[in-house]
Amino acid sequence: MMQTGWEQAWLSYAEPKDACEVPVTCCPEEDAVLGRAKEELALAAKELPQGKMIWLKQSEEWDKEAYQICVGASDITITGGSSVGILYGVFGLLRRLRTKGLTDGSWSESPKNPLRMLNHWDNIDGSIERGYSGRSFFFSNDKVLFGERTKMYARLCASVGINGVVLNNVNVRQKATNLITQEYLPAVREISELLASYGIRTFLSVNFAAPIELGGLSVSDPLDPDVIQYWRRQTQILYREIPNFGGFLVKADSEGRPGPFTYGRTHADGANMLAKCLEPYGGLVIWRCFVYNCSQDWRDTKTDRARAGYDHFAPLDGLFLPNVILQIKNGPMDFQVREPVSPLFGGLTKTNQMLEVQAAQEYTGQQIHVCYLIPMWKEILSFRTYVTEENDTVADIISGKTFGQTNCGICAVANTGDDQNWTGHDLAAANWYGFGRLAWDPELSSEEIAQEWIVLTFGAQEKLKKVLGDILLNSWKAYENYTSPLGIGWMVNPSHHYGPNVEGYEYDRWGTYHRATRTAIGVERGSAGTGFAAQYREPNASMYEHVETTPEELLLFFHRIPYDYRLKDGRTLLQYIYDTHFAGVEQVEHMIEAFCTCKELIDEKRFARILSRLTAQLQSATEWRDRINTYFYRFTEQPDEHGRCIY
Ligand code: GCV
């Protein structure tokens with residue numbers, strides 16, 4: 001181990017040799033990124049085939065991030081479209097070497113998505129909103145942190161192709177508003193230069209009310225000349241300090257954050273005003289579509305939060321400037337264990353789009369439960385929107401294939417913190433690694449990504465690959481089994497969102513209701529209800545309209561269903577709920593049994609860490625099972641057909 005305060009995660013190479021021991025010849029003129037590529041080869045020197053010369057070359061004709069690797073008898077040539085392409089080539093070579101081994105031949109790669117970003121919800125005081133891995137490594141006590149840990153983070157990101165990072169929380173509160181001012185810019189520049197040397201652009205979340213909070217103005221109306229002048233001046237200062245700055249991420253008119261609605265303006269007015277200021281410098285505005293009424297009266301059965309994103313943004317399609325990207329959460333609600341894909345994908349045809357997923361497991365076990373999210377993200381990416389006859393999946397839209405856009409891509413809410421292993425649960429690092437790999441190539445399978453990560457992190461013993469692979473690949477389904485059923489979502493404790501509370505959000509203002517009675521559960525979202533299903537294109541709209549054609553895993557998202565309704569396999573809805581909750585807990589028990597058979601194959605520290613998380617998961621899963629089953633049993637007074645214990 002090279003460092004003491006943190007681990008090397010999937011970049012734990014064998015002990016390095018001196019840089020000079022790797023025979024590298026660089027043809028392009030050396031810049032900071034090429035320097036990193038050579039540094040990485042030196043760090044991994046012991047893993048490289050001995051005696052082979054390594055050539056680093058550049059081909060002007062290629063996509064900048066693309067690379068080709070040729071392995072010959074006496075040398076290896078890495079050619080990149082730019083020095084970033086070469087850096088990705090170096091990481092690609094090392095990954096191949098350590099997972100599959102090298103044989104003579106050549107292969108090429110280029111990323112499918114232009115933007116592959118992490119959004120950190122780090123606050124300037126060092127706390128992290130929905131952070132489950134310790135404190136921030138970017139901020140502490142209103143100061144910006146910078147050092148070797150930042151570098152290790154950049155290496156880990158670059159190794160999987162992440163090329164953009166938003167440093168601070170979308171909820172920009174108090175001092176964080178000042179990040180765009182001279183007070184903080186020199187420190188942000190230090191981070192941004194380091195990240196840039198790994199091919200990563202730095203972005204900041206900004207407060208839409210900055211003209212009031214910092215500029216001394218009385219409004220932040222996007223059409224007010226003084227407000228426009230304020231932002232123009234601010235971006236000028238910003239780019240003077242950080243010429244390669246990526247742009248702004250904005251959460252506006254959402255959960256109490258200020259926005260253009262206050263002034264009767266649209267989100268296009270707000271986003272475009274900022275976009276015009278950033279445009280001369282090549283900067284982007286990433287504008288979030290997470291806009292809904294968070295002060296709903298629970299008695300109001302007409303308002304449907306699921307509809308809100310589409311209702312707000314579909315009418316604005318085509319009105320955004322070319323350097324604006326709408327950032328859309330994967331589902332219409334909020335990162336639940338199971339949701340349909342947001343109908344904005346397929347609803348928008350003339351607007352740049354970015355998919356937002358959440359690696360931080362806010363609603364999927366908070367990095368105490370193992371929940372490998374790649375299978376979920378792959379389902380989302382492969383969803384057909386029918387916006388065009390072909391190339392119409394979410395993956396096609398966000399990669400630019402459908403509409404030829406270049407300002408588009410995918411981002412994840414980061415799951416990192418200053419814990420020694422970066423992600424709290426050691427197995428949660430598979431979501432960080434996997435996000436980058438999937439963003440680079442959505443065609444990779446969940447299995448392939450899991451296996452790569454296991455080998456790079458724990459080694460290549462077959463038994464370990466099998467056991468950890470099975471745990472990861474079954475984990476999302478297991479979590480879904482023992483938590484809220486068939487897409488209904490929520491049922492969590494308010495505020496911190498950990499653990500079961502069936503009515504935790506039932507009489508609250510957040511628009512997240514299941515409306516269970518003694519005979520039925522669910523919100524009807526077909527035409528007889530809120531009409532949400534009609535926001536999809538055909539044939540999806542009709543599929544979701546009818547109970548019989550709605551995919552069963554989403555049944556309770558779209559429809560209100562009586563407990564005695566028979567599912568396709570003949571079981572009643574109630575019996576299905578009981579069965580899955582018993583099964584989910586058994587799955588966790590099996591994970592623990594299987595994991596314990598690997599005691600000799602994992603170092604003591606990591607084994608103990610993972611086992612303690614699995615044990616906590618079992619306890620929580622049991623609580624989920626018993627609370628959910630008991631809730632429905634007491635309501636319906638119908639026992640489990642198999643006579644299992646319900647309280
Ligand atoms: C950053 C959910 C989370 C909030 C988060 C919000 C968002 O509501 O609970 O913590 O705020 O999503 O995505 O903006």
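The values are calculated or read from the model by the stated rules, or taken from the named source; none is laboratory data. A quick note: this is a predicted structure, and the numbers were derived from the prediction, not measured. Quick reminder, even Gly has a Cβ in these numbers, built from the backbone with ideal geometry, and neighbours come from all protein chains shown. In case anyone asks, the SASA skips ligands and DNA or RNA and just uses the protein heavy atoms, side chains included. Shrake-Rupley method; radii C 1.70, N 1.55, O 1.52, S 1.80 Å.
Helices in the chain that qualify as membrane-span-like (whole DSSP H runs, Cα extent of at least 18 Å along the helix axis, mean Kyte-Doolittle hydropathy of 0.5 or higher) are 83-99.
Rounded to the nearest whole Hz, the Karplus-based 3J(HN,Hα) values (6.51 cos²θ - 1.76 cosθ + 1.60, θ = phi - 60°) of region 122-137 follow the sequence 8, 9, 5, 7, x, 7, 10, 5, 6, x, 10, 9, x, 8, 5, 9, with x at glycine and proline.
If you filter region 494-547 for chymotrypsin sites (Phe, Trp or Tyr not before Pro), then keep DSSP loop positions with at most 16 other Cβ within 10 Å, what is left?
Values: sites: TYR498, TYR505, TYR507, TRP510, TYR513, PHE532, TYR536, TYR544; in loops: TYR498, TYR505, TYR507, TRP510, TYR513, TYR536.
Those that pass, being in a loop and sparsely packed, are TYR507.
The residue among GLN229, VAL337, ILE242 whose Cα reaches farthest toward the positive pole of the charge dipole of region 115-457, with charges on the beta-carbon of Lys, Arg, Asp and Glu, is GLN229. Farthest towards the positive end of the charge dipole of the chain, among the residues PHE261, PHE458, ILE488, is the Cα of PHE261, using unit charges on the Cβ of Lys, Arg, Asp and Glu. Close amide H contacts of ALA412 (hydrogens built in the peptide plane, cut-off under 5 Å, sequence separation of 5 or more or a different chain): MET117, LEU118, ASN119, VAL357. Taking amide H atoms as placed 1.01 Å from N in the peptide plane, the amide H of LEU284 lies under 5 Å from those of GLY247, PHE248, each 5 or more residues away in sequence or on another chain. Across the accessible surface of region 9-109, with the other protein chains kept in place and a 1.4 Å probe, carbon and sulfur atoms take up 47 percent.
Report the relative contact order of region 9-109, percent, no decimals, based on alpha-carbon pairs under 8 angstrom and at least 6 residues apart. Numbers along the way, then the final one.
On the way: 195 pairs, mean separation 26.4, N = 101.
Rounded, it is 26 percent for region 9-109.
Filter the trypsin sites (Lys or Arg not before Pro) in region 557-598 to those in DSSP coil with at most 12 other Cβ atoms within 10 Å of their Cβ, and list the result.
Details: sites: ARG560, ARG566, LYS568, ARG571; in loops: ARG560, LYS568, ARG571.
In loop regions of region 557-598 (DSSP not H, G, I, E or B), the sparsely surrounded trypsin sites (Lys or Arg not before Pro) are LYS568.
As an exercise, identify the trypsin sites (Lys or Arg not before Pro) in region 102-155 lying in DSSP coil whose Cβ has no more than 10 other Cβ atoms within 10 Å. List each step's numbers first, then the result.
On the way: sites: LYS112, ARG116, ARG130, ARG135, LYS143, ARG149, LYS151, ARG155; in loops: LYS112, ARG130, ARG135.
The qualifying sites: there are none.
Of the residues LEU321, TRP298, ASN352, the one whose Cα sits farthest toward the positive end of the charge dipole of region 289-394, with +1 on the Cβ of Lys and Arg and -1 on the Cβ of Asp and Glu, is TRP298.
May I ask you to derive the relative contact order of region 225-333, considering only C-alpha pairs under 8 Å and at least 6 residues apart, and to give it as an integer percent?
Relative contact order, region 225-333: 29 percent.
Once you order the gyration tensor axes a ≥ b ≥ c over the Cα atoms, which shape class does the chain get: rounded for a/c under 1.5, otherwise prolate or oblate by comparing a/b with b/c? Mind dumping the intermediate values first?
Numbers: a/c = 1.74, a/b = 1.20, b/c = 1.46.
It comes out oblate by the Cα gyration axes.
A cut-off of 5 Å between modelled amide H atoms, ignoring neighbours fewer than 5 places along the same chain, links THR393 with THR385.
The dipole here belongs to region 115-457: it is taken about the Cα centre, uses +1 on the Cβ of Lys and Arg and -1 on the Cβ of Asp and Glu, and is about 460 debye. A 1.4 Å probe run over the protein chains yields, for the chain, 37 Å² of accessible area per residue, whole-number rounding. What's the FRET efficiency of GLN8 with THR266 using the Cβ-Cβ distance as r and R₀ = 56 Å, to the nearest 0.05? About 0.75, to the nearest 0.05. Mean separation of Cα pairs under 8 Å and 6 or more residues apart, divided by the residue count, gives the chain a relative contact order of 12 percent. How much length would be gained if the chain were fully extended between GLU503 and ALA32, taking 0.36 nm per residue of separation minus their Cα-Cα distance, in nm to one decimal? Full extension from GLU503 to ALA32 adds 164.1 nm. Under 13 Å from a label point set 7 Å out along the Cα-to-Cβ vector of LEU473, no amide N atom of region 584-605 is found. Counting only Cβ charges, +1 for Lys and Arg and -1 for Asp and Glu, the dipole size of the chain around its Cα centre is about 420 debye.
In whole percent, how big is the carbon plus sulfur part of the accessible area of region 285-354, probe 1.4 Å, protein atoms only? Present the calculation step by step, with values, prior to reporting the outcome.
Details: 1120 of 2150 Å².
That fraction is 52 percent.
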